Amino acid sequence: MMSALLTILQWLFWIILGLAIIILISLYIRGAFRQPVKYEVQNAPSPRDRRFPIALASITNSLSSSGFATDFWHEPDRIQQARLDAISSAEKTIHFETFFMTPGKRANDFAAAIAERAAAGVKVKLVVDSYGTKKLPKRYWKRLEAAGVQVCFFNKFNWRAPANYAGRTHRKLLIIDSKFVLIGGAGISDFWDGVDKFGDTAPWLDVEMRLEGEIVGVLEGIFMQHWTYSGGVANLGKEVIKDYPADNPLILVTPGTNPTYRASPIKALIQNSIICARSRVWLASPYFLPDKNTRKLLISAKKLGADVRILTTSDRCDKKFVYYASYEEYGDLLKGGVEIYEYQPSMIHAKMLLIDDQWVRTGSANCDPRSFFHNDELDISTAEPKLLHNIEQVFAEAFSKSKQVSLSEWRNRSFWKHRIIGRLVSFFQWQL
């Protein structure tokens, strides 16, 4: 009996050892241990400098356009209602792309709205992520297709290339009649009302904006790229292009398409924006896993006299393990004088970056490895005055409802949750 038990244990040992070796070899082949690309810029232009947006667009593969903000929302109910109102106003086309949808009232209301417009003759195209919408039953999509809605699933699992399934579309984009767009970070899910099991006591904090101008055409083309990638047939329509005022504010569009460790437009956008800051860096990200170089740049900005603050989620997070990994990364930042605020009422899902009093960036991308290296994201950045003001107000209100993390608190963090689980999650987050 004892001999048989020892034999089983020996077999288990060799199996575990073999799996560990296979995993390490796979990580090695994928380049898990290579040195990451670092952005170090000399004579970086200030956000007030006329060269700044041109330089930023060039280094981030962003598209230069123009436009203006005509509305802005930061409460989930108002974001949902704004989308439903926009859909109900459509006369010709509705183009919508999103990552996350779950069964519930928000998804049902959304389906009813677009089905009604499709039945009325409006051409509706949806690009939805195959992984992020997997909880919705097939009958949900069949109902939409029966009403005339065209649905394409982004990056379905393909057994011929299983590793490619890691790539997701994380974008949130609604285009109505080629006239205006709604863009932001919120999914179509009742999660945004607060989730008891996460400890939420209030709706999530997120942002959405309505934009008009030449940027609509740029975003329409970006949507059509994913539409064709997902099996749809592109149709750019026959809309008459409007002549917009030449003095509309410049807006950079950063698609973040097919990122790699060498070319990550989102990483380049965030890091180079920080490099150019002079007086302020306010950064909001729910899943905050900055790499070593990002932490270094934030600390450097603080040493040069900038007001550097991070707004992120507390343990009221829908991904607890990611929160543990995030908390473990606070150390260097707190020692460097960076202020870190954890939003208390609920989950914060807004992705925002405010540079000085001049420049703002928002959209779908988090400050984490998935947004840097795996997701197709969609961010905009601009000096558009209305958007600057609105996002600054959201930051100010959120800071007032947040708890600032102290260095002494961090030093007394949980050994198992943060030091062990957090470090393990952090390592694998950068590889998966």
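The values are calculated or read from the model by the stated rules, or taken from the named source; none is laboratory data. None of the values given here were measured: they were computed from a predicted structure. Note that each Cβ is placed from the backbone with ideal geometry, even for glycine, and that neighbours are counted across all protein chains shown.
Could you list, in sequence order, all residues of region 265-297 that are assigned to a loop (DSSP other than H, G, I, E, B), out of contact with any Asp or Glu (no Cβ under 6 Å at 6 or more places or on another chain) and not small (Gly, Ala, Ser)?
Cys276, Pro286, Phe288, Pro290, Asp291
With respect to Ser130, determine if the residue is in contact (Cβ under 8 Å) with a residue 12 or more places away in the chain and under 22 Å from the mean Cα position of the chain (by Cα).
Working: in contact (Cβ under 8 Å) with a residue 12 or more places away in the chain: yes; under 22 Å from the mean Cα position of the chain (by Cα): yes.
When the stated conditions are applied, Ser130 passes them.
Conditions: (1) closer than 30 Å to Pro345 by Cα; (2) assigned to a helix (DSSP H, G or I). Ile87 meets all but one. Number of the miss?
Of the numbered conditions (1) closer than 30 Å to Pro345 by Cα; (2) assigned to a helix (DSSP H, G or I), the odd one out for Ile87 is (1).
From (1) touching a residue at least 40 places away in the same chain (Cβ under 8 Å); (2) closer than 28 Å to Phe428 by Cβ, pick out the condition that doesn't hold for Ile310.
Looking at each condition in turn, Ile310 falls short on (1).
Working only within region 72-87, note down all residues that are in contact with a strand residue (DSSP E or B) (Cβ under 8 Å, 6 or more places away or on another chain) and aliphatic (A, V, I, L, M).
Passing the criteria: Ile79, Ala82, Ala86, Ile87.
For the subset of region 251-305 comprising residues that are on the phi > 0 side of the Ramachandran plot and out of contact with any helix residue (DSSP H, G or I) (no Cβ under 7 Å at 6 or more places or on another chain), which member is surrounded by the most Cβ atoms within 10 Å (Cβ to Cβ)?
Residue satisfying both the conditions and the ranking: Asn258.
Exactly one of (1) more than 21 Å from His349 (Cβ to Cβ); (2) surrounded by 22 or more Cβ atoms within 10 Å (Cβ to Cβ) is unmet by Phe96. Its number?
Of the numbered conditions (1) more than 21 Å from His349 (Cβ to Cβ); (2) surrounded by 22 or more Cβ atoms within 10 Å (Cβ to Cβ), the odd one out for Phe96 is (1).
With the requirement that a residue be out of contact with any helix residue (DSSP H, G or I) (no Cβ under 7 Å at 6 or more places or on another chain) and more than 15 Å from Leu283 (Cα to Cα), what does region 401-413 give you?
Lys401, Lys403, Ser406, Ser408, Glu409, Arg411, Asn412
Please go through region 68-79 and pick out each residue that is crowded, with 19+ Cβ neighbours inside 10 Å and either of a type in the set (Asp, Glu) or within 11 Å of Gly184 (Cβ to Cβ) (or both).
Phe72, Trp73, His74, Pro76, Ile79
Please pick out the residue among Ala69, Ala57, Ala90, Ala107 that is touching a residue at least 60 places away in the same chain (Cβ under 8 Å), within 23 Å of Gln393 (Cβ to Cβ) and in contact with a strand residue (DSSP E or B) (Cβ under 7 Å, 6 or more places away or on another chain).
So the residue among Ala69, Ala57, Ala90, Ala107 that is touching a residue at least 60 places away in the same chain (Cβ under 8 Å), within 23 Å of Gln393 (Cβ to Cβ) and in contact with a strand residue (DSSP E or B) (Cβ under 7 Å, 6 or more places away or on another chain) is Ala69.
Check Val124 against each of (1) in a helix (DSSP H, G or I); (2) free of Cβ contacts under 8 Å to residues at least 40 places away in the same chain; (3) touching a strand residue (DSSP E or B) at 6+ places or on another chain (Cβ under 9 Å) and name the one condition it does not meet.
Of (1) in a helix (DSSP H, G or I); (2) free of Cβ contacts under 8 Å to residues at least 40 places away in the same chain; (3) touching a strand residue (DSSP E or B) at 6+ places or on another chain (Cβ under 9 Å), only one is false for Val124: (1).
For region 107-115, check the following and say yes or no: at least one residue is surrounded by fewer than 21 Cβ atoms within 10 Å (Cβ to Cβ), of a type outside the set (Asp, Glu) and not in a helix (DSSP H, G or I).
Checking region 107-115: not a single residue is surrounded by fewer than 21 Cβ atoms within 10 Å (Cβ to Cβ), of a type outside the set (Asp, Glu) and not in a helix (DSSP H, G or I).
Say we look at region 155-181 and pick out the residues that are touching a Phe, Trp or Tyr at 6+ places or on another chain (Cβ under 8 Å), modelled with pLDDT under 95 and not in a loop (DSSP other than H, G, I, E, B); which of these is nearest to Trp227 (Cα to Cα)?
Result: Arg168.
Could you please find all residues in region 182-217 being in a helix (DSSP H, G or I) and buried (at least 21 other Cβ atoms within 10 Å of the Cβ)?
Scanning region 182-217 gives Phe191, Trp192, Ile215, Val216.
Looking at Ser326, Ser300 in this structure, which one is under 18 Å from the mean Cα position of the chain (by Cα), outside any loop (DSSP other than H, G, I, E, B) and assigned by TED's automatic domain parsing to the domain that holds Arg370?
Only one candidate passes the filter, namely Ser326.
Here's a check for you: in region 315-355, which residue that is among the basic types (Lys, Arg) and surrounded by fewer than 22 Cβ atoms within 10 Å (Cβ to Cβ) is farthest from Pro76 (Cα to Cα)?
Going residue by residue through region 315-355, those that are among the basic types (Lys, Arg) are 316, 319-320, 335, 351.
Within this subset, residues satisfying the condition of being surrounded by fewer than 22 Cβ atoms within 10 Å (Cβ to Cβ) are 319-320, 335.
Numbers: Lys319: 19, Lys320: 22, Lys335: 35 Å.
Checking each candidate, the answer is Lys335.
Quick one: in region 329-374, of everything that is part of a helix (DSSP H, G or I) and farther than 21 Å from Trp410 by Cβ, which residue is nearest to the chain's Cα centre (by Cα)?
Ser371
Could you tell me whether any residue of region 356-363 is without any contact (Cβ under 8 Å) to a residue 40 or more places away in the chain, buried (at least 23 other Cβ atoms within 10 Å of the Cβ) and assigned by TED's automatic domain parsing to the domain that holds Pro53? Working first, answer last.
The first filter runs over region 356-363 and keeps only residues without any contact (Cβ under 8 Å) to a residue 40 or more places away in the chain, leaving 360.
Cutting the leftovers down to buried (at least 23 other Cβ atoms within 10 Å of the Cβ) gives us 360.
So of that shortlist, the ones also assigned by TED's automatic domain parsing to the domain that holds Pro53 come out as 360.
Yes, because at least one residue in region 356-363 is without any contact (Cβ under 8 Å) to a residue 40 or more places away in the chain, buried (at least 23 other Cβ atoms within 10 Å of the Cβ) and assigned by TED's automatic domain parsing to the domain that holds Pro53.
Going by the conditions given, is Trp192 of a type in the set (A, V, I, L, M, F, W, C) and in contact with a helix residue (DSSP H, G or I) (Cβ under 7 Å, 6 or more places away or on another chain)? Can you show your working first?
On the way: of a type in the set (A, V, I, L, M, F, W, C): yes; in contact with a helix residue (DSSP H, G or I) (Cβ under 7 Å, 6 or more places away or on another chain): yes.
Here the answer is yes, as Trp192 does meet what is asked.
Which condition number in (1) touching a residue at least 40 places away in the same chain (Cβ under 8 Å); (2) assigned by TED's automatic domain parsing to the domain that holds Asp177 is the one that Arg48 fails?
So the condition that Arg48 fails would be (2).
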